[in-house]
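The values are calculated or read from the model by the stated rules, or taken from the named source; none is laboratory data. These numbers come from a predicted model, not from an experiment. Every residue, glycine among them, receives a Cβ derived from its backbone with ideal geometry; neighbour counts consider all protein chains shown.
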Ligand SMILES: Cc1ncc(C[n+]2csc(CCOP(=O)(O)OP(=O)(O)O)c2C)c(N)n1
Ligand SMILES: Cc1ncc(C[n+]2csc(CCOP(=O)(O)OP(=O)(O)O)c2C)c(N)n1
Ligand SMILES: [Mg+2]
Ligand SMILES: [Mg+2]
C-alpha cells in the first residue's frame, strides 16, 4: 500500500477543510451564533481523515464528536454541517439534534452518534453483521475514545465482533483525556490496543498524528475485514488540542504536554511531507486555504440563510411511517 | 502456603456438605416441594469452597448461583438455605427472593446476588473500595461465570478495580457453558484470565476442580490484595455437571465432555488426596456422610416446619427505615 | 414444575371466532412461534437473535425448531450481552435486516436499556433513519419465579418517546401483533406473557393476519362498568366479569393490546359509555400504564364519569417469590371482584 | 453561552422567608454545593464520586472546591463508567460509606440503569440490607443542549419500587433535600435542574436544615385552580399564577418536591379545595409523573372535581435542540396560561 501523491494531496484538502471548518465553528460560537455546545477536534485531523479515506463508497462509518474529518471525507457537505450547528431546518438533523450529535446519513454511509459513548461502535458491529449475513464485501468502521473505552459496551462490542468475525474496524482515538480525566485515572495500562488480545483480534498502536501511519494500518485492517479476516482494533495516539468543549479552558492540561503535541500537529506534518515531495509551496497552500475559506463562506451563507424549523413541527418525525 | 491436614479435612467437610445440600435441593424439587427453579452446582465444590476458605472472618464475599459452597463456608446455616429454597419466612430472604438469589447477609460478609450477571462483582469492587478508603486490611472476593464475562459490567469492574488498586479478588468460574452456550460462541479466546493484562492486573488460570490449586492461587491473591497489591483475576477451569437449572436436560452437551469432567470430579480428587495422606477411610467417609445427612435432615425439618410469610406482609421492607 | 413448563393446573381454551376463515388451535406460545415462522418464510430479511434461542430453542422453547428450518444465520445464538445485542440489532436494521431480539426474560431488558431508550427510540426523530426492530420480552409473573424473572417493566418504555409497545393477551393477537411489530419501521417492544405460554389455547387465523398496532379490543361489552386491562389480566378480568354477570351486572372488558401508542379513542369510548372504570394490571402501580389510562379518562371523559377512576395494580414492591406473597402481589379474579363490586356499589 | 454557564438573561431572586433564622442568599447551584459541604463536614462517611468532579469541579462546577477541602479520597474522580460507578456506590454503602454519585447529566443515568433498578432498588426488600446512596442527576432542558443533555427521565425511577426520587425547585430545598437524601437509608435519585443552577437565587437557611422527603410545598394558595408541578416549572407556574391573579383569579401552586413517594395528602387537599387541577411538567407526557398525579386525584378527589384534570407536559418526543422547537417542547408561562385559562373557563 503506497502513499501516492494524489492520495496525499487529497488528504491535505480534507485535513485543511476539517481544520478550517472547526475554526469556523469556534468563530461562530464566539459570536453567539452557535448556541449551546461546540466541540473542537483540532489535533484529530489525521486520524479521522485517514481512517475514513480507506473506505469504499459502499462502506459504512461511525464518526464521533471529534471526527469532523470523517464526515467530510464521506461526503457530508459543510453547508449541512454548518446548518446543523446553527440549528437550522437544512441541517443534518433538521434542528432536532445538537452540534455534532445525530449527524447521520445512511445514503453517505454515516451513522449519527448519540452522547452515550461509545454507542456507535455497537451499531457499527451490527452493520458489519448485516454485511456478513448478506455476503456483501463491505466493511464498517467505528471511532471511539479513551474514555469510551472504559464503558461496558466497548467490551461487549469487541467481543461480539470477534465471536462473529465481523468485517469491522475499530479506531480508538486515544487523545490523552476524557473531558478532564487523564489516561492514568481512566486505565492502568499503556495501550488500549493491548485489550484486543483478550478478544482474539489483532490490535495495533499507531501514531495518530501521522496521516500515513493511520492510513496504512487502517487500510490493511479494512482489507483484512473485507476478505473475511474479521475485526481489528487500532489505537491512534493523539492529543485533544482544545478543551473538551468550547467552554472548557482545560486548565488541567500541563502546558508541556500541549507543547509536545503542538510540535506534532498532524496538519503541519502532512504539509512537511508534501513539501518534501514537492507537492506544496507557500503559494499553493495559500491558494488552497483561500479556496476553502470561499467554500466555507458559501456554506455559512447557506446555513445562515436557512430557516429554523417551525416550532409546530416539534412532534413530527418521532415515528417512521 | 501449605495444605495442612486440618485444612484438607475442613475442606472435605464443606465440599461434602455442599454436594449433599445440592442433592437435597434436587430431591426436594423433584418432590415438588421446591417450586420454581433450582440450580445445581455439582462440579463447583472445589472452586467455591477453596476460594471462600482463603478469606478471613471480616472479609466479604459475593457468591453466585453455583457457589453454594461459599455460602456454607461463610457460615450460612443450611436451615436458612433450605428455608429459602422453600420460600419460608425463616429463609435468608424471608420468602422474598427465589432459590439462590438474594441470599445475602452482611453479618456473614455475604453479598446476595441478583439475576443480572455479573452484578455482584461490581458491588464487591465497591466493598473493596470502602476497605481501602477506610484503611482497613480487609479483602473482598467475587465470583462470576464465563457467560457473565461477556457483560459490559465485567469490563467496567475489572478496569475500575485496577485503576483504584482495590483489595479485591475476582474468581471466574469457567464451567464451559452459559446456559446452552458453549465457550466457542461466547468468546474467541482460550483463557478469560488473559484479559487481566488489558487492565494491568495479574491474571492466572487454575484447575478449578483441584481444591489445592484454587486454594493456593486465591490465598496468594488475597494476601497480595490485603497487603495493598491490588486486584487479581483468577480463572478456574471447571464443568457444570448438571443442566443450567433443573429443567434443563443439557442435551446440547457432548457426552464425552461430561465423561471427561466426570473423571475429574473435585470431591473424588480431594478424597483421593485425603486417602493418600491417610486422613480418610471408607468408614470415616461413611461417618461423615451420615453426619451430614443428619444435619440436613434437621435443617430440612426446620425449614419445612417454618411458616410461609404472611401474604399481607407483601408491602413490608421495600424501604429501610 | 419449572419456569419453562409453567405452573398451571388447567389450560384455558378460547372459543372459536364466530366468523369463518382458516384457523388452528394453538397455545399462546405456539402462536408466537408461528408468527415468527410466518414472517421468516415471507421475508428473508427477518432474523432472530438471542441467548440460547438456536440449538436450545430458547429458555421457554419459543424458538424451538426454527434453527432447523432457517439455519444459524437467521436464528443467531449470541454471547450473553444484551447491550451489544440490541446495538447490533439497530445496526442490522440500518442495512435492511429485520431483527427480532429475544430477551431471555423481560427482566433482562434493563441490561440493554441504553440502546433502546437512547439510540433506537430517538434515531428517526434525530436524523430520519428508521429502526425497524422487535424486542421480544417475556414478562409478568404468577410462576413463582421471583423478583428477577417476573417483572412487568413495560412502563419504562411506554414513557419513552419513539418506541412502540405491545402486549398481546390471546394466541391470535400474539401472532398478529408479532407480525405487525416485525413489519413496523419503528422499534417495538413486544411483551409476551410467560404465564399464558402453555395455559392459554385458542383459535389462530392462518396466513397474513396482522393485528394492527394501536387498536384495543373490546373483549366483552357491558353497560355498568369497564375493566381496562392487558396481558394475563385480561383472562382474570373476563372471569370477574362473568361472575359479576351472574350477579346481575353488565361489565365490559377492554383489552388494550397496544400500550404505546394507547388507543385513546377506545379507552374514552368505554369510559363514556359505562361511566365507571377499573383499570387492572400486574405492573407496579405508580406511573404504570394504568396511571396514564386514568389520566386520559380524567381529562377526556370527565363529564361522563359516575364514580372515581379505580386502579388495581401490582403494589410498589418487587415481585416476591413465596406463594402467599406473590398471590397477594398479583391481581387476580378475587381482587378484581372486590374492587369491581366497590365501584359498582358507588 | 455554554451549558455550564446557563443561558439566562436574568437571575430570579426569591424573597427572604417571613420568619427569621440565619439564611444566606445562594444560587440553586451554590445551595447544592453547600448541602454537600455541610454533610461532608458533618459526616466523614459521606463521599462524592463522579466523572470530572474533583480537580475539574464537575461539568457544571457544582463540586468546585470540594476536593481542596476534603481531598481526593472523598471527592473521587472516576473512569467514565456509570454502571461500575453505581455498583461501586452500592458496595460502598454496604460498608457504612454514604456515596453521593454525580451523573454528569441526568441523561447518562440510563447507562447505570441496571444497577439502580435491579440491585439498589430491590436489595432491602430482598435481603434486608439497606442501600443508602444518593445519585445526583442534573436534568431538564431549556438550555439548547439537545436530546442527550436535556432529559427529564425521572418517571423511569418513580415507577420502580424501592427508590426515592426528589426534585427540588428552590435553593433552600436543593440544600435541604440533599441533606435528607444523603441521610436516607435508601437509594435516592436527586434530580437537580440545570436551568436553575445560576438563574435562581434565594435565601438558604444555614446549619442542619433538612427538608423531609415526601412532603410537597404549597408555594401559593388559591381557590379556583391548583397548578401541581415540580422543578423549573414551579417558577413558570408561579409566574402564570401571578398573571392570573392580575386577571382576577385565585390560583394555587403546589410544588411536589418529592416525586417518590408522592405527597398524596397534599395533592388531594389541593384538588379537593380548588376542584380544578392543571398538572405541569417538562418530562414527556405519557406515563410521566403527571399521569400518576392525575390518577391519584381521579380516584381520591373525584367528588370534588369541577373540571377535567388537565396536564401540560413535554410532548412525547426527545427534547429537540433548535430554539423554536425546544421552546414549543418546554412548557413555559404562556402555555401554562393558555391551559389554565381553558380550565378556569370550564
Ligand atoms: C456514557 C457517557 N457518560 C458520560 C458522558 C459525558 N461525556 C461526554 S464526552 C466525555 C469524555 C469522552 O472522552 P473520550 O471518549 O476520550 O472522547 P474525547 O472527548 O476525548 O474525544 C464524557 C465524560 C457521555 N457522553 N457518555
Ligand atoms: C444479564 C443477564 N442476561 C441473561 C441472564 C439469563 N441467564 C441466567 S444464567 C445464564 C448463563 C450464565 O452463564 P455463566 O455466567 O457462565 O454462569 P453459569 O450458569 O455457567 O454458572 C443466563 C444467560 C442473566 N442472568 N443475566
Ligand atoms: Mg479522549
Ligand atoms: Mg458458565
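Overview of results
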| read-out | value |
| --- | --- |
| Residue match in the stretch A:155-163 (condition: within 16 Å of ligand 3 (Cβ to nearest atom) and within 18 Å of residue B:195 (Cα to Cα)) | no |
| Within the stretch B:107-119, considering residues that are within 15 Å of ligand 4 (Cβ to nearest atom) and in contact with a strand residue (DSSP E or B) (Cβ under 8 Å, 6 or more places away or on another chain), the one farthest from residue B:189 (Cα to Cα) | B:113 |
| Scan of the stretch A:294-312 for residues that are in a helix (DSSP H, G or I) and surrounded by 14 or more Cβ atoms within 10 Å (Cβ to Cβ), ordered by number | A:295, A:296, A:299, A:300, A:302, A:303, A:311 |
| Of the criteria (1) closer than 24 Å to residue A:270 by Cβ; (2) in contact with a helix residue (DSSP H, G or I) (Cβ under 8 Å, 6 or more places away or on another chain); (3) more than 14 Å from chain D (Cβ to nearest Cβ), which one residue A:64 fails | (3) |
| Pairs, first without any contact (Cβ under 8 Å) to a residue 12 or more places away in the chain in the stretch C:268-282, second surrounded by fewer than 24 Cβ atoms within 10 Å (Cβ to Cβ) and part of a strand (DSSP E or B), C-beta under 9 Å, six or more apart | C:269/C:218 |
| Any hit, the stretch D:77-91, residues being modelled with pLDDT of 95 or more, more than 20 Å from residue A:147 (Cβ to Cβ) and away from ligand 4 (no atom under 16 Å from the Cβ) | yes |
| Every pair of residues 6+ apart whose Cβ atoms lie under 9 Å, when the first sits in the stretch B:218-232 and is at positive phi while the second is assigned to a helix (DSSP H, G or I) | B:228/B:132; B:230/B:161; B:230/B:162; B:230/B:224 |
| Residue among A:21, A:55, A:8, A:28 that alone is touching a residue at least 60 places away in the same chain (Cβ under 8 Å) and not in a helix (DSSP H, G or I) | A:55 |
| Criterion (more than 10 Å from chain A (Cβ to nearest Cβ), crowded, with 24+ Cβ neighbours inside 10 Å and within 16 Å of ligand 4 (Cβ to nearest atom)) met by exactly one of B:149, B:125, B:130, B:142 | B:142 |
| Filter pass, residue B:250 being surrounded by 17 or more Cβ atoms within 10 Å (Cβ to Cβ) and either within 23 Å of the chain's Cα centre (by Cα) or modelled with pLDDT of 95 or more (or both) | no |
| Test: residue D:262 is surrounded by 19 or more Cβ atoms within 10 Å (Cβ to Cβ), outside any helix (DSSP H, G or I) and within 14 Å of chain C (Cβ to nearest Cβ) | yes |
| Positions within the stretch B:195-213 being surrounded by 22 or more Cβ atoms within 10 Å (Cβ to Cβ), part of a helix (DSSP H, G or I) and away from ligand 4 (no atom under 16 Å from the Cβ), in sequence order | B:196, B:198, B:199, B:211 |
| Check on residue A:179, more than 16 Å from ligand 3 (Cβ to nearest atom) and either over 21 Å from residue A:49 (Cα atoms) or surrounded by fewer than 24 Cβ atoms within 10 Å (Cβ to Cβ) (or both) | no |
| Answer residue from the stretch A:152-207, given it is on the phi > 0 side of the Ramachandran plot and under 21 Å from the mean Cα position of the chain (by Cα) and is nearest to ligand 1 (Cβ to nearest atom) among those | A:179 |
| Complete set of residues in the stretch B:100-114 that are in a loop (DSSP other than H, G, I, E, B), more than 8 Å from chain D (Cβ to nearest Cβ) and either more than 16 Å from ligand 2 (Cβ to nearest atom) or surrounded by fewer than 24 Cβ atoms within 10 Å (Cβ to Cβ) (or both) | B:109 |
| Some residue of the stretch B:176-187 being within 15 Å of ligand 4 (Cβ to nearest atom), within 17 Å of residue A:194 (Cα to Cα), touching a residue at least 40 places away in the same chain (Cβ under 8 Å) and within 12 Å of chain A (Cβ to nearest Cβ) | yes |
| Scan of the stretch A:241-268 for residues that are on the phi < 0 side of the Ramachandran plot and within 14 Å of chain D (Cβ to nearest Cβ), ordered by number | A:242, A:243, A:244, A:245, A:246, A:247, A:248, A:249, A:251, A:252, A:253, A:254 |
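Rundown of residues vs (1) within 14 Å of chain B (Cβ to nearest Cβ); (2) buried (at least 24 other Cβ atoms within 10 Å of the Cβ), yes/no style:
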site: C:147; (1), (2): yes, yes
site: C:157; (1), (2): no, yes
site: C:182; (1), (2): no, yes
site: C:193; (1), (2): no, yes
site: C:216; (1), (2): no, no
site: C:223; (1), (2): no, no
site: C:228; (1), (2): no, yes
site: C:237; (1), (2): no, yes
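Matching residues to (1) crowded, with 24+ Cβ neighbours inside 10 Å; (2) within 16 Å of ligand 2 (Cβ to nearest atom); (3) farther than 25 Å from residue D:115 by Cα; (4) not assigned by TED's automatic domain parsing to the domain that holds residue D:179:
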site: D:37; (1), (2), (3), (4): no, no, yes, no
site: D:41; (1), (2), (3), (4): no, no, yes, no
site: D:48; (1), (2), (3), (4): yes, no, no, no
site: D:54; (1), (2), (3), (4): yes, no, no, no
site: D:67; (1), (2), (3), (4): no, no, yes, no
site: D:83; (1), (2), (3), (4): yes, yes, no, no
site: D:96; (1), (2), (3), (4): no, no, no, no
